[in-house]
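Enquirer: Pasting a structure below so you can have a look.
The values are calculated or read from the model by the stated rules, or taken from the named source; none is laboratory data. Keep in mind that what you see is a predicted model, and the values were worked out from it rather than measured. Neighbour counts are summed over all protein chains in view; Cβ atoms, including those assigned to glycine, are modelled from backbone coordinates with ideal geometry.
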Amino acid sequence: MGFKVSQRCLLLFLFLLSNNSLLVYVNGETEKISCNMFEGSWVVDPSYPLYNASICPFVGKEFDCVENGRPDQLYLQYRWQPAHGCSLSRFDGRNFLEKLRGKTIMFVGDSLSKNHWLSLLCMIHSSVPSESYDVNLSAAKGMTTYTFTGYGVKVIYHHSLYLVDVVKAKTGKVLKLDSITNGNLWLDVDYLIFNTWHWWTRKGPKQPFDYIQEGNKVYKEGDMDRLVAFGKAIDTWGRWVDANIDPLKSKVFFQGISPTHYNGTNWGEPLAQACIGQKVPIPGSTYTGTPSAALEVLKYELKTIKKPVTLLDITNLSSMRKDGHPSTYGLDKKSGKDCSHWCLAGVPDTWNILLYNILML
Ligand SMILES: *[C@@H]1O[C@H](CO)[C@@H](O)[C@H](O)[C@H]1NC(C)=O
Ligand SMILES: *[C@@H]1O[C@H](CO)[C@@H](O)[C@H](O)[C@H]1NC(C)=O
Ligand SMILES: *[C@@H]1O[C@H](CO)[C@@H](O)[C@H](O)[C@H]1NC(C)=O
Ligand SMILES: *[C@@H]1O[C@H](CO)[C@@H](O)[C@H](O)[C@H]1NC(C)=O
C-alpha cells in the first residue's frame with residue numbers, strides 16, 4: 001500500500017547499494033523488508049499538525065503544550081521525510097480502523113507508551129471525529145481501553161514500567177529481572193507494541209524498588225549496572241515472546257528507545273539548558289550524535305528472539321527533535337523541565353505513521 005511497484009524495484013536496488021531496510025528479527029536472522037523509513041530528515045509541512053490536541057478528547061494537559069502556554073508553534077509542523085526516495089503514506093484513520101476491524105492493538109510500557117497511545121487515539125479521532133467510542137478503565141490492572149465501537153477496534157494502554165515484575169517483599173520492593181506475571185494480559189492481542197527504558201536509569205527517591213533480583217541472587221541498589229539489568233529484562237521478555245506468542249495471531253513490535261534531551265553536549269550545544277527554548281530540530285539529515293547504548297543492548301537482545309519482532313527504530317529520528325519536548329510547558333511546570341516526553345501533536349505522531357505504514361504494507 002505504501003509504495004508503488006516501480007518504487008519497490010528502485011528501493012530493492014537501493015538496499016543492495018546501501019543496506020538500508022526495516023529490520024524484522026526472525027529466528028536470529030534479520031529479514032529486510034521495504035526501504036529504511038527510519039533514515040531521513042524533518043521537513044516543514046504546512047498541512048501539519050495532524051490534529052489539534054485541545055479538541056482531542058483523549059489527551060489531557062499532560063502533553064498539550066499549546067494549552068500549557070508554549071508560544072512557538074513551528075515544532076508542530078515537522079513531517080518526517082525518509083531518505084533514499086522512500087515515501088510514507090499519510091495516516092488515514094478510517095483506513096486504519098477498516099484494516100484493524102475487530103482487532104486489538106495494545107501499547108505496553110511506561111509513560112512513553114502512553115504518549116504513543118494517546119497520539120494514535122488523537123490521530124484516529126481527527127480522521128473520524130463522529131465515530132463513537134467507549135472507554136474501559138481497569139485501574140487494578142493498569143489498563144485503559146478505548147473501543148471504536150463501529151469497528152470493534154480496541155486501542156489499549158497497559159502501564160508497565162519495566163515489563164518484568166516489581167513485587168513487594170518483607171525487605172522492600174524487588175525488581176525481578178527474570179519474572180513476568182502480567183503476560184496473560186498480552187495474550188491474544190493482535191498488535192503489541194512494547195517499550196521500557198526510561199525507568200531503568202532512575203535512582204534514589206524516584207526509583208520504585210529497593211532491590212534487584214535475578215534467580216536467587218539479590219542485588220542491592222548500585223550492585224548491578226542498569227544497562228546490564230535492562231538487557232537481562234529484555235532477555236526475559238524475549239523468552240516470554242518465544243514461549244507465548246502465536247505469530248499467526250499476534251504481531252509484536254518494540255517501540256525502540258525514546259531519546260531525552262537533557263545534555264546539549266550530545267547535539268553540539270554544550271551551553272544549552274537541556275531542551276528549554278529549543279524551537280527547531282537538529283538540522284541536516286540522519287542523526288550523527290552519540291549513539292544510544294540502550295538501543296545497542298536492545299538490538300542485541302532482539303536478535304536472540306526466535307519469533308518475529310519488529311523494531312520501530314525511532315531513536316535516531318526522535319533524537320533530532322530537541323524541540324519536541326514539553327520542556328517547561330508540561331504537566332508539572334513547577335518542577336521544571338520535561339525533556340523526556342513529547343508534546344502532542346508531535347513526534348509520537350510520526351512513530352504512529354511509521355507503524356501505520358508497516359501495518360498497511
Ligand atoms: C485548537 O482548538 C482550540 C479549542 O477549540 C482553539 O482555541 C484553537 O484555536 C485551535 N487551534 C488551531 C491551531 O486550530
Ligand atoms: C473492562 O476491562 C477489564 C480488564 O480488562 C475486564 O475484565 C472487564 O470485563 C472490562 N469491562 C467491560 C465492560 O468491557
Ligand atoms: C553532558 O555530556 C558530556 C559528554 O558526555 C559530559 O562530559 C557532561 O558532564 C554532561 N553534562 C551534564 C550536565 O550531565
Ligand atoms: C543511528 O545513528 C547511528 C550513529 O549515531 C548510526 O550508526 C545508525 O546506523 C543510525 N540508525 C538509523 C536507523 O538511522
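Enquirer: Only residues that are modelled with pLDDT of 95 or more and not basic (Lys, Arg): list them for the range 67-80, please.
Expert: PRO71, ASP72, GLN73, LEU74, TYR75, LEU76, GLN77, TYR78, TRP80 - these are the residues of the range 67-80 that are modelled with pLDDT of 95 or more and not basic (Lys, Arg).
Enquirer: For the range 190-201, enumerate the residues that are farther than 15 Å from PRO308 by Cβ and among the β-branched types (Val, Ile, Thr). I'd like the intermediate steps shown before the answer.
Expert: Narrowing the range 190-201 to residues farther than 15 Å from PRO308 by Cβ: 195-201.
Correct list: THR196, THR201.
Enquirer: Return the only residue of LEU185, LEU137 being surrounded by fewer than 19 Cβ atoms within 10 Å (Cβ to Cβ), under 20 Å from the mean Cα position of the chain (by Cα), within 14 Å of ligand 2 (Cβ to nearest atom) and modelled with pLDDT of 95 or more.
Expert: LEU185
Enquirer: Follow-up question, since we're still on this one. Go over the candidates ASP235, ASP242, ASP246 one by one and state the one that is under 20 Å from LEU175 (Cα atoms), more than 16 Å from ligand 3 (Cβ to nearest atom) and among the charged types (D, E, K, R).
Expert: Result of the check over ASP235, ASP242, ASP246: ASP235.
Enquirer: Quick one: GLY231 ticks every box in (1) more than 14 Å from ligand 4 (Cβ to nearest atom); (2) small (Gly, Ala, Ser); (3) in a loop (DSSP other than H, G, I, E, B) except a single one, so which number is it?
Expert: Among (1) more than 14 Å from ligand 4 (Cβ to nearest atom); (2) small (Gly, Ala, Ser); (3) in a loop (DSSP other than H, G, I, E, B), GLY231 violates only (3).
Enquirer: Run down ALA274, ALA243 and say which single residue is in contact with a His (Cβ under 8 Å, 6 or more places away or on another chain) and farther than 28 Å from ASN357 by Cβ.
Expert: Values: ALA243 fails: in contact with a His (Cβ under 8 Å, 6 or more places away or on another chain).
Only one candidate qualifies: ALA274.
Enquirer: Sort out which residues of the range 305-361 are under 15 Å from the mean Cα position of the chain (by Cα) and either over 21 Å from TRP117 (Cβ atoms) or free of Cβ contacts under 8 Å to residues at least 40 places away in the same chain (or both), and write them in order of number.
Expert: ASN316, SER319, VAL347, listed by residue number.
Enquirer: So, HIS125, is that one farther than 15 Å from LEU355 by Cα and surrounded by 20 or more Cβ atoms within 10 Å (Cβ to Cβ) or not?
Expert: yes
Enquirer: For LEU248, which of the numbered conditions (1) crowded, with 17+ Cβ neighbours inside 10 Å; (2) out of contact with any strand residue (DSSP E or B) (no Cβ under 6 Å at 6 or more places or on another chain) fails to hold?
Expert: Looking at each condition in turn, LEU248 falls short on (1).
Enquirer: For residues that are over 17 Å from ILE234 (Cβ atoms) and touching a Leu at 6+ places or on another chain (Cβ under 6 Å), tally how many sit in the range 179-208.
Expert: 0
Enquirer: Which of the residues belonging to the range 68-86 are assigned to a loop (DSSP other than H, G, I, E, B) and surrounded by fewer than 16 Cβ atoms within 10 Å (Cβ to Cβ)?
Expert: GLY69, PRO71, ASP72, GLN73, GLY85, listed by residue number.
Enquirer: Filter the strands (runs of 3 or more DSSP E) completely within the range 117-200 down to those with at least 3 residues that are aliphatic (A, V, I, L, M) and more than 16 Å from ligand 3 (Cβ to nearest atom). Spell out how you get there, then give the answer.
Expert: Working: elements: 133-138, 143-148, 153-159, 165-169, 172-176, 191-194.
Answer list for the range 117-200: 153-159, 165-169.
Enquirer: What are the residues in the range 164-179 that are among the aliphatic types (A, V, I, L, M) and surrounded by fewer than 21 Cβ atoms within 10 Å (Cβ to Cβ), if any?
Expert: VAL166, VAL167, ALA169, VAL174, listed by residue number.
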